[in-house]
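Here is the structure we will look at, set down as structure tokens.
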Amino acid sequence: MNKGDRFEQVLTEDLTRTQIVQYAGVSGDYNPVHTDEVFAVHAGFPSVFAHGMLTMAMTAQALTGWLGEDNLTRYGVRFKKQVWPGDRLVVTAEVEDVRTDESGQRLAELTVTTRNGAGEEVLAGYVTARVGQRTGERP
Amino acid sequence: MPSYQFPVEAAQVALFVRAAGGTDVDIFDPELAAPPTFVQSGAQFDPEWPFRPRPGRPWLGSGREPTGDPTAGDGSILHAEQHFEYFRPVRPGMVLTVTTEPGRTWVKRSRGGGELHFAEQRTEYRDEEGRLVVAAQAVSVTPVPAAAPVPAAAPVPAAAPVPAAAPVSAAAPEEVQR
């Protein structure tokens, strides 16, 4: 892995309400703005919308595919726009730096951006991952 | 400081991976890796977690009416940022002790003329030996419309539907000015 390497993956072509419900069920976040269309519309939203943490989890699913399951040391994001049922989501990540820490471990710093079908950023953040010594890393 | 026990179970990990769009995992693999944001689902075991219906308690979602009991809040608290630091892998069979404490609070003026009340919350997940496994930091935001009375002394509204520092749901502060 080298500075400037880029990754891109489609997370979904058409985010479903059912996937949002799946995330609510497993995570325990049953806030009805995410799961209850009647409530969400009454509250002034066009529909239910995804948990920010669902987008973060879907994005992480791509990151661990690229970087290995146990290699992340830091992962943080800002939620920039709401994600709606029917959205297409695409994540891109770019290696900004690869360095070696005091213990000799190589670490890659990546920026991470997830965009909707209109190309708007819905999530923007960073991830740091160990590289080079683990079997999890893809060549 | 609020604290609770979070048993990491293979089935919940598998369901989490499915919800995140992943393919099925081997739930009998003792080295089954919990995904990077899995610890967020510890909310299932948090006795104080506000976004879970409980028997005999008010709930804000729809039933016969489009909204439930307003004393249960209005769901308007939103998630602005989330950060994790990883120290040890999370595996089925671990029992994590989760402790949460409030952090900084600050106020920004929103484009609509109201205010956005931000609150930070730090959460630690420790294993049975007390070793730090994951450290998390959440930033939540509560939009306060211009017309709403704002308590003078408190940086976060005292009447907020959930504890100001509670980790919360989704989305973008700029998008929710209504």
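The values are calculated or read from the model by the stated rules, or taken from the named source; none is laboratory data. Only a predicted model underlies this, so the values are computations on that prediction, with no experimental measurement involved. Don't worry about glycine lacking a Cβ; one is built from the backbone with ideal geometry, like all the others, and counts go over all protein chains shown. Areas reflect the complete protein model, heavy atoms only, side chains present, ligands, DNA and RNA absent. Shrake-Rupley method; radii C 1.70, N 1.55, O 1.52, S 1.80 Å.
Neighbouring Cβ atoms from other chains, within 10 Å of the Cβ of residues in B:19-28, number 5 on average. Helix A:52-67 axis versus longest C-alpha principal axis of chain A: approximately 30°, rounded to the nearest ten. Angle of helix A:17-27 to the longest C-alpha principal axis of chain A, folded into 0 to 90 degrees and rounded to 10: 60°. Taken along the Cα-to-beta-carbon direction at a fixed 7 Å, the label points for residue B:26 and residue B:137 span 3.8 nm. Excluding same-chain neighbours fewer than eight residues apart, the aspartates and glutamates reachable from residue B:108 by a Cα-Cα span under 19 Å are B:81, B:120, B:174, B:175.
Averaged over its residues, the protein assembly as shown has an accessible area of 46 Å² per residue, based on protein heavy atoms and a 1.4 Å probe. What number, in percent, do you get for the relative contact order of segment B:1-113 if the mean sequence gap of Cα pairs under 8 Å and at least 6 apart is divided by its residue count? It rounds to 44 percent for segment B:1-113. Distance from the Cα centroid of segment B:68-141 to that of segment A:6-50 is 19 Å (rounded to whole angstrom). Take the accessible area of chain A alone and of chain B alone, subtract that of the pair, and you get about 3700 Å² summed over both chains, using a 1.4 Å probe. Relative contact order, whole percent, for chain A stands at 30, derived from Cα pairs under 8 Å and 6 or more residues apart. Rounded to the nearest 0.05, the FRET efficiency derived from the C-beta distance between residue A:21 and residue A:97 at R0 = 25 Å is 0.05.
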